[in-house]
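The values are calculated or read from the model by the stated rules, or taken from the named source; none is laboratory data. Note that this is a predicted model, so its numbers are computed, not measured. Methodologically, a virtual Cβ is constructed for each residue, glycine included, from the backbone with ideal geometry; neighbour enumeration extends over all protein chains shown. To get the accessible areas, we keep the full protein, side chains included, count just its heavy atoms, and leave off ligands, DNA and RNA. Shrake-Rupley method; radii C 1.70, N 1.55, O 1.52, S 1.80 Å.
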Amino acid sequence: MHTIKVLAAGFVLLGILVLIGRALGHGSRAALSFLPIWLTIAALNLWYGVSKAGYSVADEFPIFLLIFAVPSAVALLLWWKLPLR
């Protein structure tokens, strides 16, 4: 359940950044700027799972990859499809 909530938060963050970027005329760059922000958040989630929740890195790393890859793939698709304006 936690993974679904984190993924949903990623999509919300991506949507907010793209909407702000489009309002400023830089929608595709906003989608690209999502990547380092989301990498940091996904890494913090990994750290929390290992240090606070008691999971091993081997248990938590596939979840990290999923949490990072799915919203990042959507961000890259938006970057590719949105006009550069």
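Looking at the structure I just gave you, is residue 34 within 10 Å of the chain's Cα centre (by Cα) and among the hydrophobic types (A, V, I, L, M, F, W, C)? Here the answer is yes, as residue 34 does meet what is asked. Give the residues of the stretch 22-42 that are more than 25 Å from residue 65 (Cβ to Cβ) and of a type in the set (A, V, I, L, M, F, W, C), sorted by residue number. If the condition is that a residue be more than 25 Å from residue 65 (Cβ to Cβ) and of a type in the set (A, V, I, L, M, F, W, C), then 23, 24 are the ones that fit. The set of residues in the stretch 33-62 being over 14 Å from residue 9 (Cβ atoms) and open to solvent by less than 70 Å² (accessible area, probe 1.4 Å) consists of 33, 35, 43, 46, 49, 50, 51, 53, 54, 56, 60.
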